[in-house]
Amino acid sequence: MTGVQTCALPILYANTDHLGHGAIFAIDAATGAVRPLFTEGYNSMLVATNDGLVFGHDHLRAPLELHKMRADGSGFAAITALNKLKTAAVEWGVPEQFSFTGAKGDKVFGWLVRPAGLAKGQKVPVAFLIHGGPQGSFGNHFHYRWNPQVYAGAGYAAIMIDFHGSTGYGQAFTDAINGDWGGAPYEDLMKGLDFALKTYPELDGSRVGALGASYGGFMINWINGQTDRFKALICHDGNLDERMAYFDTEE
């Protein structure tokens with residue numbers, strides 16, 4: 001593609017139809033015009049070849065495999081199937097994206113992953129996952145540490161909110177967490193959980209546990225001082241001394 005640079009970013013593509021996905025897009029070097037090429041799932045490690053593009057592709061129901069497509073975004077196809085036998089034996093939880101009005105009146109996005117084999121009318125406990133960073137995100141991505149399918153496989157509905165501070169929703173949304181770690185993000189998390197419990201009748205609001213690591217662990221500690229709505233709080237590697245964290249934080 002003459003005069004066009006093609007790239008993939010491990011962040012969310014800022015298009016209201018595809019927020020929560022890691023897109024591949026082309027940038028015209030002369031004009032700076034941006035054109036999405038492939039907007040589904042999470043795409044990374046992009047390499048240009050003589051025939052087009054090769055990249056890693058995954059989503060909430062499939063771990064990473066190598067894929068290819070032409071430079072114009074057509075001809076999407078898998079190259080590898082290294083996980084085929086293992087994934088075929090898994091009964092996957094069903095993911096669904098949702099949005100709600102969060103802090104500052106902004107539209108905030110989240111994901112629900114229902115338990116595998118959920119029966120009609122069944123009520124299930126909730127694993128409320130809080131991402132780290134804080135400048136990070138969940139998205140339609142097969143994460144290898146905080147994977148919602150692990151909780152879905154154990155009979156929980158996993159809820160994940162991309163609160164203020166999350167990447168991929170514009171720089172102002174990401175920067176909104178600066179100096180406000182316990183403010184807008186906490187409001188987003190509580191409003192997102194309220195929205196999910198109201199919207200999805202299969203969720204048992206009396207059995208909700210919150211889990212987080214790094215900044216997510218900080219938020220677990222913060223939650224512990226703000227509300228008693230959770231049956232369990234699990235803090236992994238959460239910040240306790242913000243004066244020392246000054247020397248290694250993203251901020």
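A few remarks follow.
- Residues satisfying the stated conditions in segment 195-251, i.e. open to solvent by 90 Å² or more (accessible area, probe 1.4 Å), in a helix (DSSP H, G or I) and within 21 Å of Tyr151 (Cα to Cα): Lys198
- Residue, nearest to Val150 (Cα to Cα), within segment 15-73, restricted to residues that are among the polar types (S, T, N, Q) and over 23 Å from the mean Cα position of the chain (by Cα): Thr49
- Which listed residue is modelled with pLDDT under 95, surrounded by 15 or more Cβ atoms within 10 Å (Cβ to Cβ) and closer than 24 Å to Lys231 by Cα, from Gln122, Gln149, Gln135: Gln149
- Selection from segment 16-59 of residues that are closer than 22 Å to Ile79 by Cα, open to solvent by 30 Å² or more (accessible area, probe 1.4 Å) and among the aliphatic types (A, V, I, L, M): Met45, Leu46, Val47, Ala48, Val54
- Test result for Gly52, closer than 25 Å to Leu112 by Cβ and of a type outside the set (D, E, K, R): no
- Screening segment 103-119 for residues that are closer than 25 Å to Phe142 by Cα, assigned to a loop (DSSP other than H, G, I, E, B) and touching a residue at least 40 places away in the same chain (Cβ under 8 Å) and picking the one that is least open to solvent (accessible area, probe 1.4 Å) gives Pro115.
- Within segment 74-102, tally of residues that are over 18 Å from the mean Cα position of the chain (by Cα), open to solvent by less than 70 Å² (accessible area, probe 1.4 Å) and farther than 21 Å from Phe38 by Cα: 3
- The set of residues from segment 152-167 being in contact with an Asp or Glu (Cβ under 9 Å, 6 or more places away or on another chain) and surrounded by fewer than 24 Cβ atoms within 10 Å (Cβ to Cβ) comprises just one member, Gly153.
- Number of the condition not met by Gly20 [criteria: (1) in a strand (DSSP E or B); (2) touching a Gly at 6+ places or on another chain (Cβ under 9 Å); (3) within 18 Å of His143 (Cβ to Cβ)]: (1)
The values are calculated or read from the model by the stated rules, or taken from the named source; none is laboratory data. Just so it is clear, the structure is predicted and the values come from calculations on it, not from any experiment. Note that each Cβ is placed from the backbone with ideal geometry, even for glycine, and that neighbours are counted across all protein chains shown. Surface areas here come from the heavy atoms of the whole protein model, side chains and all, with no ligands, DNA or RNA. Shrake-Rupley method; radii C 1.70, N 1.55, O 1.52, S 1.80 Å.
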